[in-house]
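Visitor: Please read through the structure below; I'll follow up with questions.
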Amino acid sequence: MTHTAALPELTNAADHGFTDLLVAYDFSAAAGIALEYATELSRYLGSTVHLISVETPAECARVMSGEPRARENVHEHIRRAFDNIEKRLRAKGIQCDSAHRVGEVADTLEGAILEDKTDLLLLGAFGHGPTDRKQLGSTAEHILRVARCPVLTIGPHAVRHTETPPKIDRLVCVTNPAIDDHQFLIFCGKLAAAVHGCLEILQVVDPEDRAYCKELERHCETRSRTLRGHGIDVSWTLLYGTPEVVIPARAAELKAGLILIGVDRTGSQAEETLDAAVIAAIRAAHCPVLVIPADEWH
C-alpha cells in the first residue's frame, strides 16, 4: 500500500533536532570516523559534541590487577586523549565535553542516551573487533534495536584512509511504501537542507512486484515534488533487486556521504533482530548508515 497524502509544512531548515551528538569513542579507527562525522554535522547544525569512553568490568579488572602506576597511566592516557580532542574541537568553535565510564558498553550507552537526552548517537559497528563477521558487533546491533534516538553507524568499509573531512553533501533516503513514510521523508529533507546537500529518494522493488511499478513511481514523484516545493534539492530512483544489494551499490554509485533508513519498532517485533537490509547496508556501504526510529520522524 502506498501513501500519497500531502507532506506537512516544512519549518526552518535548521529545525533538525540534532542539538546533542554523542560519540561512542573507543580509540578505534571507526570511532575516529564517527567523531569526524559528528564534527562535520556540528559545523552545519551548531550541535554540541559529547564524547564517551566505556571501560567494561573485565577491562577494569585487568587494569586494577596491575601495578598502581600502570593503572594511573591508562587513565591518564584517556584523559589526555580526550583533552586533546576537546581542544581541537573548541578551536573549530564546537562545544564539547567528554566522559569515561565503567560498565557494559551497550547498557552504558543506553543510559547515557536517556540521561543526556541525546539526539544522535554515532558509533563504529565493530570497534576493535573483527570486520569480516556476518553479523554486526553485538553492541552496535543491540543499540540499533533499542536506542531511542537516531544512530549513525560506521561500518567496516566506511572507515576512510584520508585526512580530508567527510562529505555529507549527498544523502540517500531509502523509502518504504508499505508504511506511512511522509514524516520520515520530511526528516530527511530537513537534514539535507541543513547541510546544504542533495537528497535522493531510493525505492527498491522486488522484481516480482513489477505490477506495482507505476504506483511506486507516482509515490516517489509525489514526495519529491513536494520537497522540491520547499527548496529541497531532491531526486528519486526506483531500482529492482534486493535491498541488501541495491542500497550499498546505489550509494557507492552516487558517492553518497550518508544513507538514511527509517525503522518502525512500534509493532510486536520491535525487539527482534534488525532487518537484513539494515545490517547489510552497514556492513557493505562505503559510507555511514543513519538509522532513524519512527518516533523520531516527528
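Visitor: Helix 182-194: angle to the longest alpha-carbon principal axis of the chain, degrees 0 to 90, nearest 10?
Guide: Tilt of helix 182-194: around 60 degrees.
Visitor: What are the ³J(HN,Hα) values, in whole Hz, obtained from phi via the Karplus relation 6.51 cos²θ - 1.76 cosθ + 1.60 with θ = phi - 60°, for each residue of the stretch 207-217 in sequence order, with x given for Gly and Pro?
Guide: With coefficients 6.51, -1.76 and 1.60, one gets x, 6, 9, 4, 4, 9, 4, 4, 5, 5, 4 Hz.
Visitor: Please check the chain for the longest run free of GluC sites (Glu not before Pro) that are loop-located per DSSP (anything but H, G, I, E, B) and have at most 10 other Cβ atoms within 10 Å.
Guide: Values: sites that count: 9, 163, 271, 272.
Result, exposed sites excluded: 10-162.
Visitor: On to the next question. Using Cα positions and a limit of under 29 Å, work out the lysines in reach of residue 92, with same-chain residues fewer than 8 apart set aside.
Guide: Reachable lysines: 117, 167, 190, 255.
Visitor: Moving on to the next point. Please state the relative contact order of the stretch 20-158 as a whole percent: Cα pairs under 8 Å, 6+ residues apart?
Guide: 34
Visitor: At 0.36 nm per residue, and after removing the present C-alpha to C-alpha distance, how many nm does the segment from residue 92 to residue 235 gain when stretched out fully? Don't skip to the end; give the middle numbers.
Guide: On the way: separation 143, 0.36 × 143 = 51.48 nm, distance 3.30 nm.
Roughly 48.2 nm would be gained on extension.
Visitor: Quick one: compute the contact order of the stretch 170-296, relative version, from alpha carbon pairs under 8 angstrom and 6+ residues apart, as a percent. Display every interim value, and only then the final one.
Guide: Details: 193 pairs, mean separation 36.9, N = 127.
The normalised contact order for the stretch 170-296 reaches 29 percent.
Visitor: What residues qualify as long-range amide H neighbours of residue 205, i.e. H under 5 Å apart, gap of 5 or more or another chain, H built at 1.01 Å from N?
Guide: 239, 240, 241
Visitor: In debye, nearest 20, what is the charge dipole magnitude of the chain about its Cα centre with +1 on Lys and Arg Cβ and -1 on Asp and Glu Cβ, if you could check? Please report the intermediate quantities before stating the final value.
Guide: On the way: 30 positive and 42 negative charges, 175 e Å.
Dipole size: approximately 840 debye.
Visitor: Of 64, 109, 31, which is farthest towards the positive pole of the chain's charge dipole, taken about the Cα centre with +1 and -1 on the beta-carbons of Lys, Arg and Asp, Glu respectively?
Guide: Toward the positive end, the furthest listed residue is 31.
Visitor: Tell me the angle of helix 105-116 to the major Cα principal axis of the chain, expressed in degrees between 0 and 90 and rounded to the nearest ten.
Guide: Tilt of helix 105-116: around 80 degrees.
Visitor: Let me ask something else about it. Between helix 243-254 and the chain, what is the angle of the helix's C-alpha long axis to the longest principal axis, kept within 0 to 90° and rounded to the nearest 10?
Guide: 90
Visitor: Oh, and also: How high is the relative contact order of the chain, given as a whole-number percent (alpha carbon pairs under 8 Å, six or more residues apart)?
Guide: On the way: 552 pairs, mean separation 67.0, N = 298.
22 percent.
Visitor: Which of 291, 245, 186 sits closest to the plus end of the dipole of the stretch 170-296, meaning its Cα is farthest towards the positive end, when Lys and Arg get +1 and Asp and Glu get -1 on the C-beta?
Guide: 186
Visitor: While we're looking at this one, here's another question. Return the FRET efficiency for the residue pair residue 69, residue 160: r is the Cβ-Cβ distance, R0 is 45 Å, and the value is rounded to the nearest 0.05. Write out the running numbers ahead of the final one.
Guide: Working: r = 37 Å, r/R0 = 0.82.
Taking R0 as 45 Å, the efficiency between residue 69 and residue 160 is 0.75.
Visitor: May I ask which residue of 93, 149, 50 lies farthest towards the positive end of the charge dipole of the chain, with charges of +1 (Lys, Arg) and -1 (Asp, Glu) on Cβ and the Cα centre as origin?
Guide: Towards the positive end, the residue furthest out is 93.
Values quoted throughout were computed directly from the atomic coordinates according to the rules given, and no laboratory measurement underlies them. Here the structure is a predicted model, which means the values were calculated and not measured. Note that each Cβ is placed from the backbone with ideal geometry, even for glycine, and that neighbours are counted across all protein chains shown.
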